Amino acid sequence: MSDQEPSRLETELELLEAMYPDQTSYSTKSREFRFSDATASLTLRLPETYPEAGLPDVISATDAAKTDVRNQGRSAVKELGLVDGEEALDAIIAAFQQVLESNATQQSAQLSSAKHNTSGATHHEDKTVIIWLHHLLNTNKRKLALSPPPSSPPVSGLTKPGYPGILIFSGPLSVVNEHVNTLKAQNWQAFQVRYEEDEMWHFAHGVGVREVETMAEVVKGIQAEEQGKKQKEEFLKAVGIK
């Protein structure tokens, strides 16, 4: 290894520790990097020449239920198209988190479907999600976010373009899930579901999804009716402001 490589790797590891406090660890002896997210975990083996040459290999990956998602993780990393010679750990962690979120969404949908089939219930369930994006600039993505599938009651919410991008959707569970999955299928640098609850939120503008320009407008827009204070607190916690 050259004199520069340990410095680059050390810098990368320090940055990751700052981004994910108490969630990362690295063994210089085995050259294994570990990331944990609650009960889910990801283990990578770094080549001797990394990051100057070579890319980390996924040697272990499990979700919150301890299910082996190593193949999914490797496929997600492959789709990133990582460039040899560049730091890659942050991008791999983000890809792993998307695998976890995708699996959780599918499991939730399957559970909801099973409950519906078992009970034969005709009432709809509500859902509210808050999504954090690294950025939201593309015009087509912005239009897509504002156009959820039609439903009764309709999906309502707020979107904020720029850095970071914010998406809030509230409405019938199945329709919200469909809209989120459609958006998630787009190409994103980071797409994180920060809040997900079976409840209906109300917005100052009424129904439908509306785009606002600033975070302050988002906060103002969710302070509606009696639960406005609670919605504000949940939003601020979700985006890491409170």
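Derivation of every value follows stated rules applied to the coordinates shown; laboratory data play no part. Model, not experiment: these values are computed from the prediction. Methodologically, a virtual Cβ is constructed for each residue, glycine included, from the backbone with ideal geometry; neighbour enumeration extends over all protein chains shown.
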Non-local amide H neighbours of residue 127 (under 5 Å, H modeled in plane, Pro and chain starts lacking H): which ones?
-> 171, 173, 199
Helix-only mean residue ellipticity at 222 nm for the chain, each DSSP H run of n ≥ 4 adding -39500 (n - 2.57), per residue, nearest 500 | -12500 deg cm²/dmol
Starting with the fewest neighbours, write out 195, 26 ranked by other beta-carbon atoms found within 10 Å of each beta-carbon.
-> 195, 26
Say the cut-off is 24 Å between C-alpha atoms; which of 143/220; 143/230; 78/143; 184/237 go over it?
-> 143/230; 78/143
Which value in nm describes the separation of the simple spin-label points at residue 211 and residue 142, placed 7 Å from the Cα toward the beta carbon?
-> 0.4 nm
If you take the beta carbon distance between residue 15 and residue 151 as r and set R0 to 41 Å, what does 1/(1 + (r/R0)^6) give as a FRET efficiency, to the nearest 0.05?
-> 0.45
